Amino acid sequence: MSRVFNFSAGPAMLPKEVLEEAAFEMLDYNGSGMSVMEMSHRSSLFEDILTTAQNDLRELLNIPDNYKILFLQGGASLQFSMIPMNLMKHKVADYIITGQWAKKAYEEALTYGTVNAIASSADDNFSYIPDCSNLPISEDADYVYICENNTIYGTKFHRLPNTKGKPLVADVSSCFLSEPMDISNYGIVYGGVQKNVGPAGVVIVIIREDLITEDVLPYTPTMMKYHIHEKANSLYNTPPAYGIYICGKVFKWLKKRGGLEKVKQYNEEKANILYSFLDESNLFTGTARKDSRSLMNVPFITGNKDLDKKFIEEATKQGFVNLKGHRSVGGMRASIYNAMPMEGVASLVSFMKDFEKNN
Ligand SMILES: *Cc1c(COP(=O)(O)O)cnc(C)c1O
């Protein structure tokens, strides 16, 4: 058995230790004689898995008491409708468009009210984060929406927008738990876990208590009401139990590594190996503007489509897989989430150096 360096944007690499532990527990979880997949979600064993996961996540992100943690289904994309359905009391929201995921969320919200695109970086193919220090926030906006890390374009908000007192809603799917964040700056932080935290099928929603109300838009399905899930502690119906169990193991893994400050240092060091090479290379160029660069997703090009193709083919043969960039940017993208070891990025860069010499 040999493992590859998987640079996929998602579903992405998980820590080897976590997979090994899960394999070890597959047939008999904790003396129960069954796997977590076969277990009642109402059992005390599963309740313990859920509570431990919630507590560990709260500790990792230092989540204040007035925020609830929900483990839901439907991926990040279902939140594109759940957010307006639950939050649009005045039927107005402001969106900052920094890429396709923000745009999709914006388009979905259009169904429910007046939605303003108050800033965008579409003019330069989303290669940067616009200045959001003094935007025309709508007087009666129910919230301001961002996609904090733009998976496709490799950009990240390094400073949060000034929302002028309106709740900030952030999609953090591709930067979740990659560094500490101050949750009190947000109304909602949410992310699909398949990028950086666990297996597809779980979305984590961290939501400020006062935003959970029964006053939602008409026709909001029961399954899409935050207050229903909050009241039931994410057990309104059968939750994505196995996914939550794996997320819980990843939380433990992050704690064992010393918490998110340490994880951030590691991620910075790791990303820097690739970025400093891109900055000095005569062949490869990073496509995101320097001041907006993501620690998690690194798109780059050679400027020659045939050479890009050749690079991806040769890299794949060497065990560096899923490096093909998103079709809207072209070229390559290395997603280097928490579970990608330093060694993976260092080996990729030495392969890139060889490729540059030979081409
Ligand atoms: C992948 C991704 C999504 C979509 O996630 P799904 O769980 O497939 O719906 C949304 N936002 C961002 C930032 C992503 O990277």
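Rule-based calculations on the coordinates, nothing more; no lab input. As the structure is a prediction and not an experimental result, all values here were calculated from the model. Counting neighbours? That spans all protein chains shown, and the Cβs are built from the backbone with ideal geometry, glycine included.
Please determine, by comparing only the residues of region 159-204 that are polar (S, T, N, Q) and within 17 Å of GLN79 (Cβ to Cβ), which one is farthest from the ligand (Cβ to nearest atom). Ranking the qualifying residues of region 159-204, first place goes to ASN196. Please determine, by comparing only the residues of region 212-234 that are within 23 Å of the chain's Cα centre (by Cα) and at negative phi, which one is surrounded by the fewest Cβ atoms within 10 Å (Cβ to Cβ). Top of the filtered list is MET223. Condition check for PHE126 on (1) free of Cβ contacts under 8 Å to residues at least 40 places away in the same chain; (2) in a loop (DSSP other than H, G, I, E, B); (3) buried (at least 18 other Cβ atoms within 10 Å of the Cβ); (4) on the phi < 0 side of the Ramachandran plot: one failure, at (4). Check region 123-144 and report whether any residue there is of a type outside the set (Val, Ile, Thr) and within 11 Å of the ligand (Cβ to nearest atom). No, region 123-144 contains no residue that is of a type outside the set (Val, Ile, Thr) and within 11 Å of the ligand (Cβ to nearest atom). How about region 98-119: which of its residues are surrounded by fewer than 17 Cβ atoms within 10 Å (Cβ to Cβ), within 16 Å of the ligand (Cβ to nearest atom) and not in a helix (DSSP H, G or I)? Residues satisfying the conditions do not exist here. Scanning region 270-300 for residues that are in a helix (DSSP H, G or I) and in contact with a strand residue (DSSP E or B) (Cβ under 8 Å, 6 or more places away or on another chain) turns up ALA271, LEU274, TYR275, LEU278, ASP279, SER292.
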